[in-house]
Amino acid sequence: MAEESTKKQQLQERFYALTPEEVMQKMDTDGDGISNEEAKKRLSEYGPNELDEGKKKSMLQKFFEQFKDLMILVLLVAAVISAVVSHEVVDAIIILAVVIINAVMGVIQEAKAEEAIEALRDMSTPDANVMRNGHVAKVKSTELVPGDLVLLEAGDVVPADLRLIDASSLKIEEAALTGESVPVEKELAVLNDGDIGIGDRINMAFSNSNVTYGRGKGIVVGTGMNTEVGKIAGMLAEADETETPLKTNLNHLGKFLTAAIIVIAIVMFFFGTVINGRDWSEMLLTSISLAVAAIPEGLPAIVTIILALGTQVMAKRNAMIRKLPAVETLGSTDIICSDKTGTLTMNQMTVEKLYTNDRQYPSSQHIPDGNMALKIMNYANDTKVSENGELIGDPTETALVAFGNDQGFNVSEKIKEQPRVAELPFDSDRKLMSTIHQEADGRYLVAVKGAPDVLLGRCNQIQIFDEVKTLTNEEEQKVLTNNKDMAKQALRVLGMAFKYVDAIPEEMESEIIENDLIFAGLVGMIDPERAEAAEAVRMAKEAGIRPIMITGDHRDTAEAIAGRLGIIKPGDDSAVLTGAELNQMSDEEFAKKVHDYSVYARVSPEHKVRIVKAWQTEGKVVAMTGDGVNDAPSLKQADIGIGMGITGTEVSKGASDMVLADDNFATIVVAVEEGRKVFSNIQKAVQYLMAANLGEVLTLFIATMLNWDTLLPIHLLWINLVTDTFPAIALGMEPAEKDLMSHKPRGRNSNLFSGGVMSSIVYQGILEAGTVLFVYWSAIQWPVHATYTEIHADALTMAFATLGLMQLFHAFNVKSIHQSLFKVGPFKNKTFNWAILLSFFLMMVIIIVPGLNDIFKVAHLDWYQWGIVVGASFAIIPIVEIVKFFQRKLGAQ
């Protein structure tokens, strides 16, 4: 218990609010680090610096868990009854095969879901530079302990959570944790502002972030599961497995079928034994056979196949599905919570505006040759250019060089003519960087870039085109006004200035080098929105889906990008909420106000999960996009997590239900359309199967009440096998109906029977049963043969053929629930056409081919009898068309 208490204290301590000396005292260490003996002791106390693997389920456990669904349990009961009571062994084998196949596929999907935690564990760095016994030593990151003194330099991956005690121009890229695309400039100042978000803890370095610039030292204050990444891993393991709408729908269907089957069996048994006085054992078998016939045993397999077909279509459109139910869940999405960086934006700093020569130039406009602002932003720059032309360095500086290249300024060639001979590196205290370059005439150019307000205070002149003049108050106000204007647009602004000196200063000090400067201009940069993102946002809104931006970036930046994308009205800061403001709200208060906000800034992983849960509490189906480690818990919590395939971490991909191969937000809208189509097609399959089964049940039920022998068990089995399976699967490949994306999301409360499906199933099932019974009755009333045996054989065969063919004709009806068959196109789906022909052939072959008809106990029919069968079967098309016509007149969609 004491060990657990110590670990919890390690996690909860606000080290950013302590001085370096206080941290050293708490962690019992000093500037020489701890000894190897002490490290071993602490390793035993705190455990290795790695993430917990968590409890794993065996494959057998995963397999048996697949049988918890009610629909599966109903099928298992049906299989047992079929084999033991009704002696229908073939039927039982088919049902069991369907159940086992579904269970195996479920196990495979669950195994993939565990990749999230595995990816987190694999992110640890192999080595770290640590002070041990007063000397620098390379230590495996898993052996780091609280109190270790870690040395950092550019290119390192931070091995644990550190409180920095030294930082020299230190910049750390934390996008995977915070969502910010710009590396954070680290400082040592104590932060006493209360509960501060990760993105604002500038005196901390976090495990698995990347050092991009400078060097520093830090004391380990968190290892393993007590790091910020560890907290995310814990949240990921504890996140609720949200039940998908499809799973909910199938469970509801299972409950409905169970109730219906019990009622049917009881009524049949009661009516036969009490009313008609038939033998109870005979009626028990009849009732059970009828109940088993009511179960669409192929439905789970057909749903799985339709979902699998949907994944293939989505894959071709750059949406890779990891979990089958995600296909359908997409179609019911109400809310898309999207990370900003890399999802809605390019995750690449880009120059957008340049203020020089007393005017603003958009980045697309050509800057006059010889412009000093353009020259300085490229000279006072540490970006390296690889052999293949790739820019390597700080994202802000690479953006400046990229802009120079676009303007025809080749810094690699220019620097050969004016080489760097001295420099004053960037320092977070003075917020400036300077380089000195030798001119052809023997003079030296001092190029300075940095924070505009600081830089302007070092200038006494300004250059406008080729004229250098005194920096008056009026000119200074113009610069400040343009700086403010760019900042309002959420641009990151840097200033450029220069001067010429006759010799390199003997003392490289800021007071000597960075004074008496000539102001050259301002450059405004931003991580710009993707070109297609605004259109995708518009399409989502048109489809009734609300886009929500969630980012670790600053409020102003988030608001500006959201305004440009159309997520909010430009300048509408009332729709923006920060993580700090969210912390002040209880879950109940936030749930009441969640509709007010479309943008969340400076958020932590915990906030993202709260946002998703708040919308889910409102009954909304929530999709969450993300690419960083910080997104993983919310990706798992959401109804559908959407990871990024290019920029995404393995952690975010592992926690996702779907991965975008092109990292394109617009692909989500495409996937939503496909998801809606998949659900619509599943509804069609359900309508087709349930109407067919209802027709069969009513036929047997009424015939039993009338003491008619209309259909044998083998007839029902063959019809279910032949006419149910192939057409139902083919219906899953129907093209999307027009205006599919103009309707509002159906939401979490909709089900497979909504939208007129249930009423259609009822009247169409009754129609099928009535038609079959009429054909059977007419064959008895107006027989072709003389003997009772022949008459009964003809009537039985005609009833069997009518039921089978009518279901095939009815498959055309369910191409649309309410639209006319002739509007949606009866023969557009080639797979469907072939499925109908195959089912028709299999139906006909057992009646026509000698020998097979004896096995199935059916007789040959003459042309007169076939005419009645085909006419009665086809009648379902015009009758349903008439009903649909009146439904549309009454307002059905």
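Derivation of every value follows stated rules applied to the coordinates shown; laboratory data play no part. Worth saying up front: this structure is predicted, and the values here are computed from it rather than measured. With ideal geometry, Cβ positions are generated from the backbone for all residues, glycine too; neighbour counts draw on all protein chains shown.
Values as computed for the structure displayed
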read-out: 0 to 90° range, to nearest 10: angle between helix 757-781 axis and the chain longest Cα axis; value: 20 degrees
read-out: Dipole of the chain [Lys/Arg +1, Asp/Glu -1 at C-beta], most positive-end residue of Leu344, Gly675, Pro20; value: Gly675
read-out: Rel. contact order, % - alpha carbon contacts under 8 angstrom, at least six apart, the chain; value: 12 percent
read-out: Between 0 and 90°, nearest 10: helix 228-238 axis offset from the chain longest Cα axis; value: 10 degrees
read-out: Greater than 31 Å apart at Cα, pairs in Lys138/Lys416; Lys823/Lys857; Lys484/Lys569; value: Lys138/Lys416; Lys823/Lys857
read-out: Set of aspartates and glutamates near Lys677 by C-alpha distance (under 15 Å), chain-local residues within fewer than 8 positions excluded; value: Glu328, Glu734, Glu737, Asp739
read-out: Contour minus Cα-Cα distance for Leu852 and Val267 (0.36 nm per residue); value: 207.1 nm
read-out: For the chain, size of Cβ-based charge dipole, Lys and Arg +1, Asp and Glu -1, in debye; value: 3380 debye
read-out: Unit charges at the beta carbon, dipole of the chain: most positive-side option, Asn371, His743, Ser141; value: His743
read-out: With 20 Å bins from 0: P(r) over the chain, alpha-carbon pairs, percent; value: 13, 34, 27, 16, 8, 1, 0
read-out: Spacing of the two label points (7 Å from each Cα toward its C-beta) at Thr831 and Ile877, in nm; value: 2.3 nm
read-out: Percentage relative contact order, region 395-440, counting C-alpha pairs under 8 Å, at least six apart; value: 29 percent
read-out: Estimated vicinal HN-Hα couplings, Hz - region 742-754 in sequence order (Karplus 6.51, -1.76, 1.60; Gly, Pro = x); value: 9, 8, 5, x, 6, x, 5, 7, 6, 8, 5, 9, 7
read-out: Options Ile640, His715, Tyr444, ranked by Cα towards positive dipole end of the chain, top entry (Cβ charges); value: His715
read-out: All lysines inside 18 Å of Lys478 as judged from Cα atoms, apart from same-chain residues fewer than 8 positions distant; value: Lys353, Lys469, Lys488
read-out: Cα shape, region 629-673, gyration tensor, a/c 1.5 rule; value: oblate
read-out: Relative contact order of region 716-818, defined on C-alpha pairs under 8 angstrom at six or more residues apart (%); value: 37 percent
read-out: Reach of Lys499 by Cα under 13 Å, taken over aspartates and glutamates that are not fewer than 8 positions away in the same chain; value: Glu439, Glu514, Asp516
read-out: Point-charge dipole on Cβ atoms (K/R +1, D/E -1) for region 351-526, about Cα centre, debye to 20; value: 540 debye
read-out: Order of Ser598, Ser778 - criterion: other Cβ atoms within 10 Å of each residue's Cβ, fewest first; value: Ser778, Ser598
read-out: FRET efficiency, Asn515 to Ala661 (Cβ-Cβ, R0 41 Å, nearest 0.05); value: 0.20
read-out: Cα-based helix-to-principal-axis angle, 533-542 vs the chain, degrees rounded to 10; value: 40 degrees
read-out: Computed [θ] at 222 nm, deg cm²/dmol, the chain (DSSP H ≥ 4; -39,500 (n - 2.57); rounded to nearest 500); value: -15000 deg cm²/dmol
